[in-house]
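Shown next, in structure tokens, is the structure this report addresses.
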Amino acid sequence: MAISRSGCEGCTSITCTSTLEVLSSETGKQVKTAYDRIESRGMSACLFGSTGTCCRNCNMGPCQIIDGVEEMVGICGATADTVAARNFARIVAAGSASHTDHAREMVRGFLETAKGHGPHQIKDVEKLKSLAQVFGIETEGREVNEIAVELGEKALAEFGKQDGAPLSMLKRAPAKRQAVWERLGIAPRGIDREIVEMMHRTHMGVDQDYENLMLQASRCALSDGWGASMLSTELTDIMFGTPVPRRAIVDLGVLKPDHVNVTVHGHEPLLAEALCIAAQDPEMIELAKKQGAKGINLAGVCCTGNEILMRRGIPVAAGFVQQEIALATGAVEAMVVDVQCIMQSVAEVAKSFHTDIITTNYRAKMPGGVHIQFDEEAPLESAKAILTHAIKNFKKRGKFHIPQDTKLDVVVGFSHETINYMLGGRFRASYRPLNDNIINGRIRGVAAIVGCDNYKLLDNSHEVIARELIKNDVLVLATGCAATSLGRVGLVTPEAVRFAGPGLAEVCEAVGMPPVLHMGSCVDNSRILIAATAMVKEGGLGDDISDLPAIGTAPLWMSEKAVAIGQYFVASGAQVVFQSLPTSGAKKFHDYLLNGLMDQLGAKWNVAEDPMDIAKLMIKRIDQKREALGINKQRERVLFDMAMRRELGSGPLKDAGCHGPAGG
Ligand code: NFS
Ligand code: SF4
């Protein structure tokens, strides 16, 4: 479906009101955005590219392959299935590599902190100790920092490990799942190694068997989910605090007319956390005041936004498709970026205003950007240099337009630990109540809505899916830009319970939780793996993740990372639904993803085009699992009496209350 910017003058193809408002404002009309580029290009996605059968892996090609046409194989003889499988596997490798390099930086930052360098401390000692156990580290009678140094070193070694025991975190998975990995020979050996081997096996003339290629794609993706991403999430929690529920606000309206607005865009929380600390420094605030501003307003964009939203309640201004729109307000002094999901066009949009794009990572520079290298050994000093640059821009601000009515309340911070104590209570933290409510049918199942925004589809797709799911008593877990977009439409707050079906509403009301739980950034999808494992271990819902009435979707996937996530979900036993897969031009391979993987992994990919169809398919899959578990009948019998209300009514979210916003 073509989505045009003309949407802001009549047509309704963009539904986001803040985006529409900015695009039709005086400042918005000054700039060209992706919406204009789509209009001028006619949204012509390349046919061969989108069906996965274009190969340029060697210089005898590039070859366009047509499935079933004898003379249309590659010069080397590669078939459509081989080419599509190689391309797909490379997407998984690239996505895993992105999470991995991010995770490596977090582990290195963690080690610095453990050694007592820099402004951060070990905040979550309990989590440190439980993770130390996973790595076989002695904790009795040892100093916190000593344990942390050993953990950091062991974590770092997971990246370069070659052989021996598989990655340490795999032990956290249900025993039956570990046995599946062992039987298939896909337990990752070392994080970097699996990515390198994937790139090797997809080189011209190596692995020509799509089933064999997919085994390595699973191993590579698992090294991301249970390796890199999980390490990143856990060590970041230990260092910056495990998220707890707190109130915050999202959408473009979080920008402030009288403050220095600094948007933080990218992924690695080391930079964002340092900026949060620096923005509270009296010296910095004084400097802002000298320039005529009332203070400094930090706001997040994309996943780095989700990280500081979850841990500090810092507002999120924009998700992926709004990054240009945030700048088009003319109210941003600087957009500070690190790595991933930063469109090159932001530098072009910024040229129309006083805004600077400040790049901070040597890996990611940009023509038109100002580079201030973030020094991991002196994070606070770097953050101050960046802020000083931004503050000095304030006086140059010209006309601007901040949408006033778009500031949505959200309640965020649903880590696995939060869910554990929220439903179970502080003194009997457990997943028992969640499992029981699934078994008795008040909660039909659990669905993860994750991943990106994408201009290719209507921007309300996440919303359509989420509304249908919660209406049907499915509890939704959200991460990444999907979570931001659900926040923008008011679904990530306890008040959204009015849109939920009676069973889910009952549970949410009793505990005071939203029907859509914000679980963080994209690396935080590893929290979903842990939550799923906890559900299995609690009992009553089968003995593997593949038995759970649970499913995931990344309907608007854009990034290669989303495919890596999809593949590690599938390899972990959770089915996923995407709106499209770049494999449809290769019949056998495409069918293998949609059906064949089931035999080996107990899970598979699914495709449904329309958001409502995606939701319906997810509910169908959940019901199939309920049926297999023999709990489908309970749903029909469930009654909500006072005893059940009382049983649910003592959740800690209610008695602890939520933290107020802690914005910049
Ligand atoms: Ni995830 Fe985050 Fe957003 Fe997609 Fe990009 S920011 S890591 S990849 S676009 S959800
Ligand atoms: Fe063509 Fe084969 Fe070379 Fe790919 S590897 S470009 S299919 S010759």
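The values are calculated or read from the model by the stated rules, or taken from the named source; none is laboratory data. Just so we're clear, the structure is a prediction, and the values are computed from it rather than from any experiment. FYI the Cβ positions are ideal-geometry reconstructions off the backbone, even for glycines, and counts take in every protein chain you see.
To keep it simple, each residue is scored yes or no on (1) away from ligand 1 (no atom under 16 Å from the Cβ); (2) in contact with a Leu (Cβ under 8 Å, 6 or more places away or on another chain); (3) within 24 Å of residue 459 (Cα to Cα); (4) not assigned by TED's automatic domain parsing to the domain that holds residue 434.
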{"site": "509", "(1), (2), (3), (4)": "yes, no, no, no"}
{"site": "548", "(1), (2), (3), (4)": "yes, yes, no, no"}
{"site": "551", "(1), (2), (3), (4)": "yes, no, yes, no"}
{"site": "562", "(1), (2), (3), (4)": "no, no, yes, no"}
Residues in the stretch 96-128 that are farther than 13 Å from residue 340 by Cβ and either acidic (Asp, Glu) or part of a loop (DSSP other than H, G, I, E, B) (or both) total 12
When residue 129 is run through (1) farther than 21 Å from residue 268 by Cβ; (2) touching a Leu at 6+ places or on another chain (Cβ under 6 Å), the failure sits at (2)
Residues in the stretch 336-357 that are within 14 Å of ligand 1 (Cβ to nearest atom) and not polar (S, T, N, Q) total 7
Note on the stretch 428-487: residues within 17 Å of residue 410 (Cβ to Cβ), within 16 Å of ligand 1 (Cβ to nearest atom) and assigned to a helix (DSSP H, G or I) are 462, 463, 466, 480, 481, 482, 483, 484, 485, 486, 487
Listed by first then second residue, the pairs whose first member lies in the stretch 499-523 and is in contact (Cβ under 8 Å) with a residue 40 or more places away in the chain and in a strand (DSSP E or B), whose partner is more than 16 Å from ligand 1 (Cβ to nearest atom) and not β-branched (Val, Ile, Thr), with beta carbons under 7 Å and at least 6 positions apart or on separate chains, are 516/491; 516/496; 517/414; 518/414
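Taking the criterion of being assigned by TED's automatic domain parsing to the domain that holds residue 207, away from ligand 2 (no atom under 16 Å from the Cβ) and at positive phi, would at least one residue in the stretch 106-119 satisfy it? Give the steps one after another, and end with the answer.
Of the residues in the stretch 106-119, the ones assigned by TED's automatic domain parsing to the domain that holds residue 207 are 106-119.
Narrowing the set further to residues that are away from ligand 2 (no atom under 16 Å from the Cβ) leaves 106-119.
Of the ones still in play, those that are also at positive phi are 116, 118.
Yes - at least one qualifying residue is present in the stretch 106-119.
So, in the stretch 75-108, exactly how many residues are of a type outside the set (Asp, Glu) and closer than 16 Å to residue 211 by Cβ?
Initial filter on the stretch 75-108 (of a type outside the set (Asp, Glu)): 75-80, 82-100, 102-104, 106-108.
This time we only want the ones that are closer than 16 Å to residue 211 by Cβ, so: 78-80, 82-89, 92.
The total comes to 12.
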Does the stretch 474-481 contain any residue that is under 19 Å from the mean Cα position of the chain (by Cα) and over 28 Å from residue 252 (Cβ atoms)?
yes
Residues of the stretch 62-81 being within 14 Å of ligand 2 (Cβ to nearest atom), assigned to a helix (DSSP H, G or I) and either acidic (Asp, Glu) or crowded, with 19+ Cβ neighbours inside 10 Å (or both), in sequence order, are 71, 80, 81
Taking the conditions exactly as written (of a type in the set (Ser, Thr, Tyr), more than 29 Å from the chain's Cα centre (by Cα) and away from ligand 1 (no atom under 16 Å from the Cβ)), does residue 50 satisfy them or not? no
Here the residues within the stretch 599-637 that are among the aliphatic types (A, V, I, L, M) and surrounded by 16 or more Cβ atoms within 10 Å (Cβ to Cβ) are 601, 603, 607, 608, 614, 615, 617, 618, 619, 622, 629, 631
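With 40, 50, 24, 96 as the choices, which residue is closer than 28 Å to residue 588 by Cβ, among the hydroxyl-bearing types (Ser, Thr, Tyr), away from ligand 2 (no atom under 16 Å from the Cβ) and surrounded by fewer than 23 Cβ atoms within 10 Å (Cβ to Cβ)? So that I can check it myself, show each step before the final result.
On the way: 40 fails: closer than 28 Å to residue 588 by Cβ; 24 fails: closer than 28 Å to residue 588 by Cβ; 96 fails: surrounded by fewer than 23 Cβ atoms within 10 Å (Cβ to Cβ).
One residue alone meets the criteria, 50.
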_Being within 20 Å of the chain's Cα centre (by Cα), polar (S, T, N, Q) and away from ligand 1 (no atom under 14 Å from the Cβ) is the requirement here; does residue 493 meet it?_
yes
Being in contact with an Asp or Glu (Cβ under 9 Å, 6 or more places away or on another chain) and more than 15 Å from ligand 1 (Cβ to nearest atom) narrows 316, 260, 254 down to just 260
- request: State whether the residues of the stretch 82-92 include one that is within 33 Å of the chain's Cα centre (by Cα), surrounded by 13 or more Cβ atoms within 10 Å (Cβ to Cβ) and within 16 Å of ligand 1 (Cβ to nearest atom).
  value: yes
